[in-house]
1. Would you please name the residue that is nearest to V193 (Cα to Cα), looking only at residues in the stretch 97-123 that are small (G, A, S) and open to solvent by 10 Å² or more (accessible area, probe 1.4 Å)?
2. Take Y260 and decide whether it is at pLDDT 95 or above, surrounded by 15 or more Cβ atoms within 10 Å (Cβ to Cβ) and more than 22 Å from A126 (Cα to Cα).
3. For G202, indicate whether it is of a type outside the set (S, T, N, Q), free of Cβ contacts under 8 Å to residues at least 40 places away in the same chain and surrounded by fewer than 22 Cβ atoms within 10 Å (Cβ to Cβ).
4. Can you tell me which residue in the stretch 44-96 is nearest to the chain's Cα centre (by Cα), limited to those that are among the basic types (K, R) and crowded, with 18+ Cβ neighbours inside 10 Å?
5. Being out of contact with any Leu (no Cβ under 6 Å at 6 or more places or on another chain) and farther than 16 Å from S181 by Cβ is the requirement here; does I116 meet it?
6. Does at least one position in the stretch 42-58 carry a residue that is closer than 22 Å to I109 by Cα and not aliphatic (A, V, I, L, M)?
7. Please give the number of the condition G119 fails out of (1) touching a strand residue (DSSP E or B) at 6+ places or on another chain (Cβ under 8 Å); (2) on the phi > 0 side of the Ramachandran plot.
8. Looking only at the stretch 127-155, filter to residues that are in a strand (DSSP E or B) and touching a helix residue (DSSP H, G or I) at 6+ places or on another chain (Cβ under 8 Å); which one of those is most open to solvent (accessible area, probe 1.4 Å)?
Amino acid sequence: MKDKNLNNKISVIILTWNSEKYIEKCISSLIKDLIYAEKKYEIFVIDNGSTDKTLLILKVLGKKINNLVVDKFEKNLGTTISRNMGMKKSKGKYIFILDSDTEIKRGTINTLIDTIDKGNKVGIVAPRLFYPDGSTQASSKRFPTIKTKIYKYMPFYRTRNIAEKDELYNEIYKKGNKQCSEVDYCISAAWMVNREAINDVGFFDENIYYAPEDVDYCLRMWLKGWKVIYNPLASVVHHTQRKSYKNFKIAWQHLKGLFYYFGKYDYWFDRRKIYERIKNQ
């Protein structure tokens with residue numbers, strides 16, 4: 001049943017951590033598309049202890065942009081605690097979760113919202129992500145297994161290729177594809193989330209620091225009967241920073257998150273167990 005008390009406001013949640021290179025372009029492109037969408041909005045930026053010029057840039061932007069709220073942590077608390085702070089403060093019918101290294105293309109917000117409104121129990125809809133050079137990022141995948149994760153991080157082309165073939169929906173990335181697709185999960189660089197789904201599923205699991213919080217949340221959506229949709233007609237540029245490859249602490253937290261995730265759902269080597277649970281929910 002739809003909640004008639006929800007307004008049409010969009011609540012945007014952006015995480016920053018030493019994001020001086022990207023945050024101004026991110027918010028600028030966001031504001032342009034919010035104006036184009038003709039929707040009321042609120043923007044929550046949660047900073048995870050930046051030590052560069054990120055906070056200074058946000059202070060300047062805050063003087064120009066209405067409804068921009070900046071909350072600061074003294075240190076990096078990861079993605080789940082920070083996003084949950086924004087989600088708990090938000091009031092919108094739609095929650096737009098963004099990474100700071102994204103740029104929104106015109107019409108994206110309306111396209112994502114229409115996908116929720118016109119669909120049947122759509123919990124999350126994600127746009128096509130593409131790199132600055134115009135190539136598409138493989139951002140929607142099948143649920144991982146411990147095997148695919150091990151293969152992915154081994155320094156051999158053949159094993160990485162096996163992992164990619166096992167996880168990727170290659171058909172949805174074909175040039176000219178305009179069809180929405182149900183997918184196991186989408187990376188959380190850009191999500192439009194249905195408030196009604198959040199009310200049902202809850203917030204991010206704070207036992208996970210950095211990743212795979214997006215896989216976990218999408219799986220919880222499916223287990224509650226909500227769909228995860230990839231819509232290639234909405235477009236977002238992603239200057240992916242791949243922080244787990246560059247920072248040992250984050251890489252270690254990512255590894256811990258993976259073991260926690262597989263233990264939580266107990267399907268280490270065979271995702272068919274999860275599909276059966278989804279089917280029987």
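The values are calculated or read from the model by the stated rules, or taken from the named source; none is laboratory data. In this text the structure is predicted, and so the values were computed from the model without any measurement. We place every Cβ from the backbone using ideal geometry, glycine too, and count neighbours over all the protein chains shown. For the accessible areas, the whole protein counts, side chains as well, though only heavy atoms, and no ligand, DNA or RNA atoms are used. Shrake-Rupley method; radii C 1.70, N 1.55, O 1.52, S 1.80 Å.
1. G119
2. yes
3. Yes: the conditions hold for G202.
4. R83
5. no
6. Yes - at least one qualifying residue is present in the stretch 42-58.
7. So G119 meets the others, but not (2).
8. Among them, the one singled out is T136.
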